[in-house]
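The values are calculated or read from the model by the stated rules, or taken from the named source; none is laboratory data. Nothing here was measured: the structure is a model prediction, and the numbers come from that model. No Cβ is skipped: glycine too gets one built from the backbone with ideal geometry, and neighbour counts run over all protein chains shown.
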Amino acid sequence: MPTSTQPFTFTRKQIASNKTPRQINRNLVFNLIRTRQPISRADLARISGLQRSTISLIVEDLIKERWILEGSTGRLPRGRRPTFLELNHQRAVIALDIHPAQTTVAVTDLGGRIVAQNIVALPSDPAKASSSIVAAIKKLISDHAGKSFDGVGISLPGRADPSLKRPIFAPNVSWPMQSLQSKIHRATGLRVEMENVANACALSEVWFGDSDGLNDLVVVNVSEGIGTGIFSNGRLLRGANGMAGEFGHVEMESDGHPCGCGGRGCWETIASNRAGLRYYAEISGQPEPPSFAVLVRMAQSDDRHAIQALEKMSHQLGRGFKMIASALAPSEIIIVGDITSAWHLFGPKIEAKLNQNAFPKAPKLRPSFEGNTARLRSAVALVMNQGLN
Ligand SMILES: [Zn+2]
(Lines give C-alpha, C1' and ligand atoms only; values in the text may rest on other atoms or scores of the structure.)
Protein backbone atom coordinates (compact mmCIF):
# COMPACT_ATOMS: atom_id res chain seq x y z
CA MET A 1 0.00 0.00 0.00
CA PRO A 2 1.22 3.53 -0.64
CA THR A 3 2.72 5.31 2.32
CA SER A 4 1.01 8.54 1.31
CA THR A 5 -2.73 8.76 0.89
CA GLN A 6 -2.62 12.46 0.17
CA PRO A 7 -4.94 13.22 -2.74
CA PHE A 8 -3.24 14.61 -5.77
CA THR A 9 -5.06 17.16 -7.87
CA PHE A 10 -4.14 16.73 -11.45
CA THR A 11 -5.86 19.49 -13.35
CA ARG A 12 -3.49 21.18 -15.69
CA LYS A 13 -5.17 24.50 -15.30
CA GLN A 14 -6.25 25.37 -11.81
CA ILE A 15 -9.10 27.81 -11.57
CA ALA A 16 -10.27 27.19 -8.04
CA SER A 17 -8.78 29.92 -5.93
CA ASN A 18 -7.95 27.56 -3.07
CA LYS A 19 -5.00 26.11 -5.00
CA THR A 20 -1.67 27.54 -3.99
CA PRO A 21 0.98 28.35 -6.59
CA ARG A 22 3.00 25.49 -5.10
CA GLN A 23 0.19 23.01 -5.84
CA ILE A 24 -0.23 24.38 -9.34
CA ASN A 25 3.46 23.97 -10.06
CA ARG A 26 3.45 20.52 -8.53
CA ASN A 27 0.62 19.43 -10.83
CA LEU A 28 2.36 20.94 -13.81
CA VAL A 29 5.60 19.09 -13.06
CA PHE A 30 3.81 15.77 -12.44
CA ASN A 31 1.94 16.07 -15.73
CA LEU A 32 5.11 16.86 -17.61
CA ILE A 33 6.75 13.77 -16.15
CA ARG A 34 3.66 11.69 -16.94
CA THR A 35 3.49 12.77 -20.58
CA ARG A 36 7.21 13.02 -21.38
CA GLN A 37 8.84 10.37 -19.19
CA PRO A 38 11.68 9.63 -18.92
CA ILE A 39 12.66 13.26 -18.48
CA SER A 40 15.51 15.07 -16.72
CA ARG A 41 15.18 17.89 -14.19
CA ALA A 42 16.87 20.23 -16.64
CA ASP A 43 14.27 19.49 -19.33
CA LEU A 44 11.48 19.95 -16.79
CA ALA A 45 12.82 23.40 -16.00
CA ARG A 46 13.22 24.28 -19.68
CA ILE A 47 9.72 23.13 -20.70
CA SER A 48 7.86 24.43 -17.64
CA GLY A 49 9.69 27.73 -17.39
CA LEU A 50 10.12 27.14 -13.65
CA GLN A 51 13.38 27.77 -11.78
CA ARG A 52 15.74 24.80 -11.45
CA SER A 53 15.56 25.17 -7.64
CA THR A 54 11.74 25.03 -7.73
CA ILE A 55 11.86 21.92 -9.91
CA SER A 56 14.31 20.26 -7.52
CA LEU A 57 12.08 20.87 -4.50
CA ILE A 58 8.94 19.60 -6.25
CA VAL A 59 10.73 16.53 -7.62
CA GLU A 60 12.09 15.75 -4.17
CA ASP A 61 8.54 15.86 -2.76
CA LEU A 62 7.12 13.70 -5.54
CA ILE A 63 9.86 11.12 -5.01
CA LYS A 64 9.29 11.13 -1.25
CA GLU A 65 5.58 10.56 -1.76
CA ARG A 66 6.36 7.78 -4.24
CA TRP A 67 4.52 9.32 -7.20
CA ILE A 68 7.69 9.25 -9.27
CA LEU A 69 11.03 7.44 -9.36
CA GLU A 70 14.53 8.23 -10.41
CA GLY A 71 15.19 5.88 -13.27
CA SER A 72 17.88 5.52 -15.89
CA THR A 73 20.89 7.77 -16.33
CA GLY A 74 21.13 9.83 -19.45
CA ARG A 75 24.10 10.30 -21.72
CA LEU A 76 25.36 13.71 -22.62
CA PRO A 77 28.42 14.46 -24.73
CA ARG A 78 30.13 16.03 -21.71
CA GLY A 79 29.49 17.11 -18.17
CA ARG A 80 27.21 15.46 -15.61
CA ARG A 81 24.95 12.60 -16.50
CA PRO A 82 21.35 13.58 -15.77
CA THR A 83 19.08 11.15 -13.95
CA PHE A 84 15.79 10.65 -15.67
CA LEU A 85 12.50 10.80 -13.82
CA GLU A 86 9.53 8.57 -14.48
CA LEU A 87 6.22 7.62 -12.90
CA ASN A 88 6.33 5.06 -10.13
CA HIS A 89 5.26 2.01 -12.10
CA GLN A 90 4.83 -0.01 -8.92
CA ARG A 91 1.68 1.94 -8.21
CA ALA A 92 -1.46 1.04 -10.07
CA VAL A 93 -5.18 1.67 -10.27
CA ILE A 94 -8.06 -0.71 -10.92
CA ALA A 95 -10.43 0.78 -13.51
CA LEU A 96 -13.96 -0.43 -14.24
CA ASP A 97 -16.08 0.46 -17.22
CA ILE A 98 -19.60 -0.78 -16.60
CA HIS A 99 -22.05 -1.44 -19.41
CA PRO A 100 -25.46 -3.11 -19.05
CA ALA A 101 -24.29 -6.48 -20.41
CA GLN A 102 -20.56 -6.43 -19.68
CA THR A 103 -17.91 -4.78 -17.62
CA THR A 104 -14.27 -4.16 -18.46
CA VAL A 105 -11.92 -4.48 -15.50
CA ALA A 106 -8.39 -3.18 -16.00
CA VAL A 107 -5.11 -2.55 -14.23
CA THR A 108 -3.50 0.74 -15.23
CA ASP A 109 -0.48 2.70 -14.14
CA LEU A 110 -0.71 6.20 -12.62
CA GLY A 111 -0.58 7.68 -16.11
CA GLY A 112 -3.67 5.75 -17.19
CA ARG A 113 -1.76 3.32 -19.40
CA ILE A 114 -3.60 0.01 -19.49
CA VAL A 115 -1.40 -2.78 -18.15
CA ALA A 116 -3.95 -5.60 -18.28
CA GLN A 117 -7.67 -5.91 -18.81
CA ASN A 118 -10.46 -8.48 -18.72
CA ILE A 119 -13.97 -8.26 -20.04
CA VAL A 120 -16.53 -9.75 -17.70
CA ALA A 121 -19.77 -10.86 -19.33
CA LEU A 122 -22.40 -10.15 -16.74
CA PRO A 123 -24.71 -13.02 -15.84
CA SER A 124 -28.39 -12.58 -16.64
CA ASP A 125 -29.14 -13.04 -12.95
CA PRO A 126 -28.66 -9.48 -11.66
CA ALA A 127 -27.81 -10.62 -8.15
CA LYS A 128 -24.72 -12.41 -9.49
CA ALA A 129 -23.42 -9.45 -11.52
CA SER A 130 -21.55 -7.73 -8.71
CA SER A 131 -20.05 -11.03 -7.51
CA SER A 132 -18.62 -11.61 -11.02
CA ILE A 133 -17.11 -8.15 -11.04
CA VAL A 134 -15.58 -8.53 -7.58
CA ALA A 135 -14.10 -11.91 -8.58
CA ALA A 136 -12.53 -10.36 -11.69
CA ILE A 137 -10.99 -7.55 -9.63
CA LYS A 138 -9.52 -9.96 -7.09
CA LYS A 139 -8.04 -12.05 -9.89
CA LEU A 140 -6.36 -9.03 -11.49
CA ILE A 141 -4.97 -7.91 -8.14
CA SER A 142 -3.51 -11.34 -7.44
CA ASP A 143 -2.10 -11.53 -10.99
CA HIS A 144 -0.27 -8.25 -10.28
CA ALA A 145 0.83 -8.98 -6.74
CA GLY A 146 3.99 -6.86 -7.13
CA LYS A 147 1.98 -3.68 -7.55
CA SER A 148 0.51 -1.45 -4.90
CA PHE A 149 -3.00 -0.31 -5.80
CA ASP A 150 -4.14 3.25 -5.11
CA GLY A 151 -7.82 2.55 -5.50
CA VAL A 152 -10.65 1.43 -7.72
CA GLY A 153 -12.34 3.82 -10.15
CA ILE A 154 -15.79 2.96 -11.49
CA SER A 155 -17.20 4.70 -14.48
CA LEU A 156 -20.88 3.87 -14.58
CA PRO A 157 -23.85 4.48 -16.86
CA GLY A 158 -25.91 6.37 -14.32
CA ARG A 159 -25.71 9.24 -11.87
CA ALA A 160 -24.00 8.83 -8.54
CA ASP A 161 -25.22 11.15 -5.84
CA PRO A 162 -21.98 12.73 -4.56
CA SER A 163 -23.28 12.98 -1.02
CA LEU A 164 -24.73 9.48 -0.86
CA LYS A 165 -21.84 8.03 -2.87
CA ARG A 166 -24.11 5.63 -4.68
CA PRO A 167 -25.93 5.53 -7.99
CA ILE A 168 -29.35 7.07 -7.98
CA PHE A 169 -30.29 6.97 -11.63
CA ALA A 170 -29.29 4.18 -14.01
CA PRO A 171 -32.21 3.47 -16.32
CA ASN A 172 -30.25 1.16 -18.64
CA VAL A 173 -28.82 -1.15 -16.01
CA SER A 174 -31.09 -3.77 -14.55
CA TRP A 175 -28.87 -5.03 -11.75
CA PRO A 176 -28.30 -3.35 -8.41
CA MET A 177 -25.12 -1.23 -8.46
CA GLN A 178 -25.84 0.26 -5.07
CA SER A 179 -24.02 -2.52 -3.28
CA LEU A 180 -21.10 -2.73 -5.70
CA GLN A 181 -18.98 0.00 -4.16
CA SER A 182 -19.10 -1.42 -0.64
CA LYS A 183 -18.67 -4.99 -1.90
CA ILE A 184 -15.50 -4.05 -3.77
CA HIS A 185 -14.20 -2.11 -0.80
CA ARG A 186 -14.84 -5.04 1.55
CA ALA A 187 -13.22 -7.52 -0.83
CA THR A 188 -10.08 -5.47 -1.57
CA GLY A 189 -9.67 -2.93 1.22
CA LEU A 190 -9.17 -0.28 -1.47
CA ARG A 191 -10.72 3.14 -1.81
CA VAL A 192 -13.51 2.99 -4.41
CA GLU A 193 -14.44 6.09 -6.43
CA MET A 194 -17.60 5.92 -8.50
CA GLU A 195 -18.87 8.48 -10.99
CA ASN A 196 -21.15 8.85 -13.95
CA VAL A 197 -19.22 7.90 -17.08
CA ALA A 198 -19.71 11.22 -18.83
CA ASN A 199 -18.59 13.21 -15.78
CA ALA A 200 -15.62 10.89 -15.43
CA CYS A 201 -14.74 11.37 -19.10
CA ALA A 202 -14.94 15.15 -18.69
CA LEU A 203 -12.43 14.97 -15.83
CA SER A 204 -10.32 12.61 -17.88
CA GLU A 205 -10.27 14.98 -20.87
CA VAL A 206 -8.96 17.73 -18.63
CA TRP A 207 -6.45 15.40 -17.04
CA PHE A 208 -5.39 12.95 -19.76
CA GLY A 209 -6.67 14.65 -22.88
CA ASP A 210 -5.34 17.45 -24.96
CA SER A 211 -7.87 20.02 -23.85
CA ASP A 212 -5.07 22.01 -22.34
CA GLY A 213 -6.30 25.10 -20.61
CA LEU A 214 -9.96 24.53 -21.43
CA ASN A 215 -12.38 25.50 -18.73
CA ASP A 216 -15.61 24.89 -20.57
CA LEU A 217 -16.05 21.57 -22.27
CA VAL A 218 -18.85 19.04 -22.54
CA VAL A 219 -18.27 15.33 -23.00
CA VAL A 220 -21.10 13.41 -24.62
CA ASN A 221 -20.93 9.69 -24.09
CA VAL A 222 -22.91 7.91 -26.78
CA SER A 223 -23.52 4.25 -26.03
CA GLU A 224 -26.65 2.33 -25.02
CA GLY A 225 -27.92 5.66 -23.76
CA ILE A 226 -26.51 9.18 -23.93
CA GLY A 227 -24.85 10.89 -20.98
CA THR A 228 -23.19 14.27 -20.78
CA GLY A 229 -20.48 15.49 -18.45
CA ILE A 230 -20.19 19.24 -18.11
CA PHE A 231 -16.94 20.91 -17.15
CA SER A 232 -17.82 24.57 -16.72
CA ASN A 233 -15.84 27.46 -15.28
CA GLY A 234 -13.07 24.99 -14.49
CA ARG A 235 -15.10 22.43 -12.56
CA LEU A 236 -17.70 19.71 -12.97
CA LEU A 237 -21.22 21.00 -13.02
CA ARG A 238 -23.34 18.76 -10.86
CA GLY A 239 -26.57 20.52 -10.06
CA ALA A 240 -28.90 19.49 -7.26
CA ASN A 241 -28.45 15.80 -6.37
CA GLY A 242 -25.74 15.40 -8.99
CA MET A 243 -28.30 15.25 -11.78
CA ALA A 244 -27.05 18.04 -14.06
CA GLY A 245 -26.42 17.09 -17.67
CA GLU A 246 -29.23 14.64 -18.37
CA PHE A 247 -29.68 15.97 -21.88
CA GLY A 248 -30.24 12.36 -22.97
CA HIS A 249 -33.64 12.57 -21.31
CA VAL A 250 -34.82 15.79 -22.84
CA GLU A 251 -37.92 15.06 -24.91
CA MET A 252 -37.05 15.64 -28.57
CA GLU A 253 -40.03 13.94 -30.18
CA SER A 254 -43.50 14.08 -28.76
CA ASP A 255 -45.05 10.63 -28.54
CA GLY A 256 -41.74 9.05 -29.61
CA HIS A 257 -40.26 5.72 -28.55
CA PRO A 258 -40.51 4.78 -24.87
CA CYS A 259 -37.34 5.46 -22.85
CA GLY A 260 -35.78 3.73 -19.85
CA CYS A 261 -36.53 6.82 -17.75
CA GLY A 262 -40.27 6.36 -18.18
CA GLY A 263 -40.62 9.17 -20.73
CA ARG A 264 -41.04 9.06 -24.50
CA GLY A 265 -39.04 10.49 -27.37
CA CYS A 266 -36.03 11.42 -25.23
CA TRP A 267 -32.88 12.42 -27.12
CA GLU A 268 -31.29 9.05 -26.37
CA THR A 269 -34.22 7.18 -27.97
CA ILE A 270 -33.35 8.83 -31.31
CA ALA A 271 -29.57 9.31 -31.16
CA SER A 272 -28.03 6.50 -29.03
CA ASN A 273 -26.44 3.28 -30.30
CA ARG A 274 -29.75 1.57 -29.69
CA ALA A 275 -31.43 4.07 -31.99
CA GLY A 276 -28.79 3.40 -34.66
CA LEU A 277 -29.50 -0.33 -34.50
CA ARG A 278 -33.23 0.29 -34.69
CA TYR A 279 -32.80 2.59 -37.69
CA TYR A 280 -30.89 -0.16 -39.48
CA ALA A 281 -33.73 -2.65 -38.93
CA GLU A 282 -36.32 -0.09 -40.06
CA ILE A 283 -34.40 0.91 -43.20
CA SER A 284 -33.23 -2.54 -44.32
CA GLY A 285 -36.13 -4.70 -43.16
CA GLN A 286 -33.42 -6.99 -41.70
CA PRO A 287 -32.96 -7.89 -38.03
CA GLU A 288 -30.75 -5.57 -35.94
CA PRO A 289 -27.00 -6.37 -36.10
CA PRO A 290 -25.74 -8.14 -32.95
CA SER A 291 -23.95 -5.03 -31.67
CA PHE A 292 -23.37 -1.41 -32.49
CA ALA A 293 -19.69 -2.12 -33.22
CA VAL A 294 -20.85 -4.56 -35.92
CA LEU A 295 -23.14 -1.90 -37.40
CA VAL A 296 -20.23 0.55 -37.58
CA ARG A 297 -18.06 -2.06 -39.31
CA MET A 298 -20.86 -2.71 -41.81
CA ALA A 299 -20.98 0.99 -42.61
CA GLN A 300 -17.20 1.04 -43.02
CA SER A 301 -17.58 -1.81 -45.53
CA ASP A 302 -20.01 0.34 -47.54
CA ASP A 303 -23.22 -1.38 -46.45
CA ARG A 304 -25.75 1.13 -47.77
CA HIS A 305 -28.36 0.50 -45.10
CA ALA A 306 -25.83 0.69 -42.28
CA ILE A 307 -24.57 4.02 -43.65
CA GLN A 308 -28.11 5.38 -43.87
CA ALA A 309 -28.89 4.25 -40.33
CA LEU A 310 -25.78 5.92 -38.92
CA GLU A 311 -26.37 9.08 -40.93
CA LYS A 312 -29.81 9.33 -39.39
CA MET A 313 -28.34 8.80 -35.95
CA SER A 314 -25.65 11.44 -36.69
CA HIS A 315 -28.31 13.96 -37.67
CA GLN A 316 -30.10 13.35 -34.39
CA LEU A 317 -26.85 13.63 -32.45
CA GLY A 318 -26.24 16.98 -34.14
CA ARG A 319 -29.68 18.21 -33.06
CA GLY A 320 -28.87 17.42 -29.44
CA PHE A 321 -25.43 19.02 -29.70
CA LYS A 322 -27.10 22.22 -30.86
CA MET A 323 -29.22 22.12 -27.73
CA ILE A 324 -26.10 21.66 -25.58
CA ALA A 325 -24.26 24.43 -27.42
CA SER A 326 -27.15 26.80 -26.82
CA ALA A 327 -27.50 25.85 -23.17
CA LEU A 328 -23.88 25.91 -22.10
CA ALA A 329 -21.75 27.61 -24.77
CA PRO A 330 -18.80 25.25 -24.24
CA SER A 331 -15.65 25.86 -26.23
CA GLU A 332 -15.51 22.16 -27.10
CA ILE A 333 -17.87 19.21 -27.33
CA ILE A 334 -16.09 15.88 -27.16
CA ILE A 335 -17.77 12.63 -28.20
CA VAL A 336 -16.95 9.33 -26.56
CA GLY A 337 -18.33 6.10 -27.98
CA ASP A 338 -18.15 3.54 -30.79
CA ILE A 339 -19.43 6.03 -33.36
CA THR A 340 -16.05 7.79 -33.13
CA SER A 341 -14.34 4.80 -34.75
CA ALA A 342 -16.00 5.85 -38.02
CA TRP A 343 -15.51 9.56 -37.43
CA HIS A 344 -14.42 10.28 -41.00
CA LEU A 345 -17.80 8.99 -42.19
CA PHE A 346 -20.12 10.51 -39.62
CA GLY A 347 -18.26 13.35 -37.86
CA PRO A 348 -18.90 15.75 -40.77
CA LYS A 349 -22.63 14.90 -40.70
CA ILE A 350 -22.88 15.65 -36.99
CA GLU A 351 -20.84 18.81 -37.40
CA ALA A 352 -23.00 20.04 -40.28
CA LYS A 353 -26.10 19.84 -38.10
CA LEU A 354 -24.32 21.49 -35.19
CA ASN A 355 -23.13 24.35 -37.38
CA GLN A 356 -26.48 24.88 -39.10
CA ASN A 357 -27.68 28.38 -38.16
CA ALA A 358 -25.29 28.36 -35.22
CA PHE A 359 -25.63 31.43 -33.07
CA PRO A 360 -23.26 33.05 -32.45
CA LYS A 361 -20.72 30.33 -33.16
CA ALA A 362 -20.82 26.54 -32.75
CA PRO A 363 -18.31 24.96 -30.36
CA LYS A 364 -15.50 22.85 -31.71
CA LEU A 365 -16.57 19.22 -32.04
CA ARG A 366 -14.16 16.31 -31.82
CA PRO A 367 -13.99 12.63 -30.90
CA SER A 368 -12.12 11.74 -27.72
CA PHE A 369 -8.42 11.20 -28.41
CA GLU A 370 -8.60 8.14 -26.20
CA GLY A 371 -10.96 6.36 -28.57
CA ASN A 372 -12.29 3.14 -27.10
CA THR A 373 -10.22 3.39 -23.95
CA ALA A 374 -11.71 6.75 -22.94
CA ARG A 375 -14.17 5.22 -20.52
CA LEU A 376 -11.54 3.09 -18.81
CA ARG A 377 -9.10 5.95 -18.50
CA SER A 378 -11.85 8.08 -17.07
CA ALA A 379 -12.14 5.57 -14.22
CA VAL A 380 -8.42 6.05 -13.54
CA ALA A 381 -8.89 9.82 -13.54
CA LEU A 382 -11.48 9.39 -10.77
CA VAL A 383 -9.00 7.77 -8.44
CA MET A 384 -6.21 10.17 -9.32
CA ASN A 385 -8.28 13.28 -9.58
CA GLN A 386 -10.51 13.14 -6.57
CA GLY A 387 -9.29 16.42 -5.17
CA LEU A 388 -10.68 18.27 -8.18
CA ASN A 389 -14.22 18.61 -6.94
ZN1 LIG B 1 -35.55 9.26 -21.10
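A few notes on this one:
- A search for C-beta distances below 9 Å between a residue of region 126-148 that is touching a residue at least 12 places away in the same chain (Cβ under 8 Å) and any residue that is of a type in the set (Phe, Trp, Tyr) and not in a helix (DSSP H, G or I), counting only pairs 6+ apart in sequence or on different chains, returns PRO126/TRP175; ALA127/TRP175; ALA129/TRP175; SER130/TRP175; ILE141/PHE149.
- Selection of strands (runs of 3 or more DSSP E) fully inside region 45-121 by the criterion of at least 2 residues being farther than 29 Å from LEU140 by Cα and either modelled with pLDDT of 90 or more or not basic (Lys, Arg) (or both) returns 83-87.
- Each residue in region 95-116 was checked for being closer than 14 Å to ARG375 by Cβ and buried (at least 16 other Cβ atoms within 10 Å of the Cβ), and 12 of them qualify.
- Taken together, ARG304, ARG377, ARG297 contain a single residue that is closer than 30 Å to ASP109 by Cα and either of a type in the set (D, E, K, R) or touching a residue at least 40 places away in the same chain (Cβ under 8 Å) (or both), which is ARG377.
- Any hit, region 200-215, residues being within 16 Å of the ligand (Cβ to nearest atom), assigned to a helix (DSSP H, G or I) and crowded, with 20+ Cβ neighbours inside 10 Å: no
- Which numbered condition HIS257 fails, given (1) touching a residue at least 12 places away in the same chain (Cβ under 8 Å); (2) out of contact with any helix residue (DSSP H, G or I) (no Cβ under 6 Å at 6 or more places or on another chain): (2)
- Just one of (1) under 19 Å from PRO330 (Cα atoms); (2) surrounded by fewer than 24 Cβ atoms within 10 Å (Cβ to Cβ); (3) within 15 Å of the ligand (Cβ to nearest atom) fails for THR228. It is (2).
- Number of residues in region 251-296 that are away from the ligand (no atom under 15 Å from the Cβ), outside any helix (DSSP H, G or I) and surrounded by 14 or more Cβ atoms within 10 Å (Cβ to Cβ): the value is 2.
- Those residues of region 233-250 which are more than 16 Å from the ligand (Cβ to nearest atom), part of a loop (DSSP other than H, G, I, E, B) and buried (at least 17 other Cβ atoms within 10 Å of the Cβ), in sequence order: LEU237, ARG238
- Residue that is nearest to the chain's Cα centre (by Cα), among those in region 311-326 that are crowded, with 24+ Cβ neighbours inside 10 Å and aliphatic (A, V, I, L, M): LEU317
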